[in-house]
Amino acid sequence: MRTTRLKRSAAALAVLFAPGAYGAHPLNTEDTGVQGRGKWQLELNGERNQDHLDDETMRGAQAAAVLSYGITDSVDLQAGVTWQDIGPERGAGDAIAAVKWRFWEREPWSLGMRAGVTLPTGDEERGLGNGRTTWSGLLIGEYEGERWIFLSHLGYRRNHNAVGNRDSIREISGAVLYKPTEGLKLLIDATRTTNPDPASDQALRQVVVGFIWSLTKDMDLDAGIRRGNEAGMDKAVMAGVTLRW
């Protein structure tokens, strides 16, 4: 029974907090930014994390590669793969595919949408995936001033799964970024998500603090620390690199 709960918890957290699942790493909150017609972006990121369940400590790691391509000036296609290490089990997680649309813009404001699916490429028997295809949608708002950026999204995931988790997941997320220099963004991000465990009504809450450093217009480095409440993942240390061409 304990092993089953550990695997179920690992699968849920992997889907909800997979690196690169939503916003520009290390953010969870999505932004309205798109690449532009014919342009590419590759995000490579990962984390080391720790969580507790039934007086046991789960230590692990996650990594992701997410490729975006601008099919128009306002629409991106995205595809991603994930990898997980959850103690004795490690391997490929569920893959990600999405379309992102910035449908309204009047500087400094913009609105967007993102619709995506996860594909059951991870082994659910080993706690590496959901076992079924899920779909999700986000409504995104952004304000970008000279020094300050404010982001928010409202999200819903139809969390079809073969591991006994809740099928309906809702999320609200917001972030504030400050630009002390042209190439540096300091950030804080907070998220509230429905608990995927059907036996608990305690929401998962996560807070991220970190930075994004643009070495050039085509290369960013980032790092952050994520902390969670009792229902969420305890803590994670994250880092990534983003390339554009």
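Before moving on, here are some points about what is shown:
- Counting only residues at least eight positions apart within a chain, or on another chain, the lysines with an alpha carbon under 30 Å from that of Lys39 are Lys100, Lys179, Lys185, Lys217.
- Computed extension length for Gln202-Arg59: 49.3 nm, one decimal, from 0.36 nm per residue of separation with the Cα-Cα distance subtracted.
- Over all other residues within a Cβ to Cβ distance under 9 Å of Asp31, the charged ones net out to -3, with Lys and Arg as +1 and Asp and Glu as -1.
- Result for the chain in a Gaussian network model with C-alpha springs under 10 Å: among Thr193, Thr72, Thr82, the largest mean-square fluctuation is at Thr72.
- Equivalent ellipsoid, the range 30-155 (semi-axes from 5 times Cα gyration tensor eigenvalues, Å): 31, 17, 13
- Label point distance in nm, Gln50-Ile188, each placed 7 Å from Cα along Cα→Cβ: 2.3
- The chain - Kirkwood radius from inverse mean 1/r over Cα pairs (Å): 18.0
- Within a Gaussian network of the chain (alpha carbon springs, distance under 10 Å), most fluctuating of Ile86, Ile212, Ile71: Ile71
- Taking Lys and Arg as +1 and Asp and Glu as -1, the other residues whose beta-carbon sits under 11 Å from that of Val207 total +4.
- Distance between modelled label sites at Ile225 and Tyr178, nm, 7 Å Cα→Cβ extension: 1.7
Coordinate-derived values only; no laboratory data. Keep in mind the model is a prediction, meaning the values are calculated, not measured. FYI the Cβ positions are ideal-geometry reconstructions off the backbone, even for glycines, and counts take in every protein chain you see.
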